[in-house]
1. Tally the residues that are more than 14 Å from residue 161 (Cα to Cα) and surrounded by fewer than 16 Cβ atoms within 10 Å (Cβ to Cβ), restricting the search to region 203-223.
2. Criterion first (open to solvent by 90 Å² or more (accessible area, probe 1.4 Å), more than 22 Å from residue 192 (Cα to Cα) and modelled with pLDDT of 95 or more) does residue 97 satisfy it?
3. Might you check whether a residue that is assigned to a strand (DSSP E or B), over 27 Å from residue 2 (Cα atoms) and either out of contact with any helix residue (DSSP H, G or I) (no Cβ under 8 Å at 6 or more places or on another chain) or open to solvent by 80 Å² or more (accessible area, probe 1.4 Å) (or both) occurs anywhere in region 36-46?
4. Would you point out the residue of region 112-124, among those that are touching a Phe, Trp or Tyr at 6+ places or on another chain (Cβ under 8 Å), hydrophobic (A, V, I, L, M, F, W, C) and at pLDDT 90 or above, that is surrounded by the fewest Cβ atoms within 10 Å (Cβ to Cβ)?
5. Taking only pairs six or more apart or across chains, which ones have beta-carbon atoms under 6 Å, a first residue in region 63-90 that is among the acidic types (Asp, Glu), and a second residue that is not in a loop (DSSP other than H, G, I, E, B)?
6. Kindly provide the set of residues from region 54-90 that are closer than 30 Å to residue 40 by Cβ and either under 28 Å from the mean Cα position of the chain (by Cα) or open to solvent by 80 Å² or more (accessible area, probe 1.4 Å) (or both), ordered by number.
7. Can you spot a residue in region 125-146 that is under 22 Å from residue 11 (Cβ atoms), under 24 Å from the mean Cα position of the chain (by Cα) and surrounded by 14 or more Cβ atoms within 10 Å (Cβ to Cβ)?
Amino acid sequence: PYMSEKGQPMNQPRGLIAERLFVDELDLINSPEQYNQIDYYKAGDIKYVDVNEDGKIDDSDMVPIGFPTVPEIIYGFGASVGYKDFDFSFFFQGSGRSSFFIDPTSISPFVNERNALRIIADNHWSDENPDPNAFWPRMSVQTVANNEKQSTWWLRDGSFLRLKSVEFGYSIATKILKKIDVEKVRFYASGTNLLVFSKFKLWDPEMGGKGLGYPPQQIVNIGLNFNF
């Protein structure tokens with residue numbers, strides 16, 4: 001029944017349930033074989049749950065996990081206010097009830113001479129740090145297919161709230177300005193993508209699972225408007 005699509009939301013992701021990282025060789029021997037490739041995963045690699053209890057890990061152990069990959073809620077709100085010669089406006093944009101998977105192939109250190117992100121350098125499994133819940137499995141100069149399966153290990157909450165735009169202005173209109181045919185001068189400062197609130201802290205949540213992509217730009221403007 002858990003493999004049925006009936007009753008599931010559209011864009012519902014499915015994946016393996018990650019239990020932890022393998023502790024040692026004895027842990028490997030006493031665990032269900034994963035994708036018939038026991039020679040290709042080692043201590044420090046991801047250990048998955050045998051959902052159907054058939055003694056092996058394969059695609060039949062994939063279950064619905066997380067929220068849909070397309071947000072179920074998109075929202076925004078803002079306001080514009082003015083007082084005497086001052087004006088202020090802002091707009092927040094957000095999304096809720098969505099999930100994404102970190103793409104380990106896009107951030108794997110050493111593969112294709114790629115450097116390691118700080119989170120990987122500081123929190124990975126090794127003989128000196130055999131943490132079964134470390135963020136990154138054992139390191140390798142080659143991709144480890146076992147650790148790239150879509151699973152709860154890489155699942156993250158994609159919900160966020162972003163301060164999309166904000167602007168503050170001050171306008172002056174004097175007799176001196178009118179003598180030079182200027183009706184009003186407005187000083188302003190504005191910004192775009194200045195803040196984002198999210199449970200996900202590794203990079204901008206709108207980038208999804210590809211941490212080495214180009215993030216949304218933060219832009220700050222300062223300027224003058226002249227009304228003639």
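The values are calculated or read from the model by the stated rules, or taken from the named source; none is laboratory data. Just so you know, these numbers come straight off a predicted model, no measurement behind them. Cβ coordinates were reconstructed from backbone atoms using ideal geometry, including for glycine residues, and neighbour counts include every protein chain displayed. Quick note on the areas: whole protein, heavy atoms, side chains included, nothing else; ligands and nucleic acids left out. Shrake-Rupley method; radii C 1.70, N 1.55, O 1.52, S 1.80 Å.
1. 12
2. Numbers: open to solvent by 90 Å² or more (accessible area, probe 1.4 Å): yes; more than 22 Å from residue 192 (Cα to Cα): yes; modelled with pLDDT of 95 or more: yes.
Criteria met by residue 97.
3. Let us first name the residues in region 36-46 that are assigned to a strand (DSSP E or B), namely 46.
Still in the list and also over 27 Å from residue 2 (Cα atoms): none.
No, every residue in region 36-46 fails to be assigned to a strand (DSSP E or B), over 27 Å from residue 2 (Cα atoms) and either out of contact with any helix residue (DSSP H, G or I) (no Cβ under 8 Å at 6 or more places or on another chain) or open to solvent by 80 Å² or more (accessible area, probe 1.4 Å) (or both).
4. If we filter region 112-124 for residues that are touching a Phe, Trp or Tyr at 6+ places or on another chain (Cβ under 8 Å), which is where we start, we get 116, 119-120, 123-124.
When the remaining residues are screened for being hydrophobic (A, V, I, L, M, F, W, C), the result is 116, 119-120.
In the following step, the residues that additionally are at pLDDT 90 or above were identified as 119-120.
On the way: 119: 15, 120: 20.
Filtering region 112-124 for residues that are touching a Phe, Trp or Tyr at 6+ places or on another chain (Cβ under 8 Å), hydrophobic (A, V, I, L, M, F, W, C) and at pLDDT 90 or above, the one surrounded by the fewest Cβ atoms within 10 Å (Cβ to Cβ) comes out as 119.
5. If the second residue must be not in a loop (DSSP other than H, G, I, E, B), the pairs left are 85/170; 85/171; 87/169.
6. Step one: filter region 54-90 for residues closer than 30 Å to residue 40 by Cβ, giving 54-66, 69.
Scanning region 54-90 gives 56, 57, 58, 59, 60, 61, 62, 63, 64, 65, 66, 69.
7. The initial filter retains those residues of region 125-146 that are under 22 Å from residue 11 (Cβ atoms), namely none.
Looking for residues that are under 22 Å from residue 11 (Cβ atoms), under 24 Å from the mean Cα position of the chain (by Cα) and surrounded by 14 or more Cβ atoms within 10 Å (Cβ to Cβ), one finds none in region 125-146, hence no.
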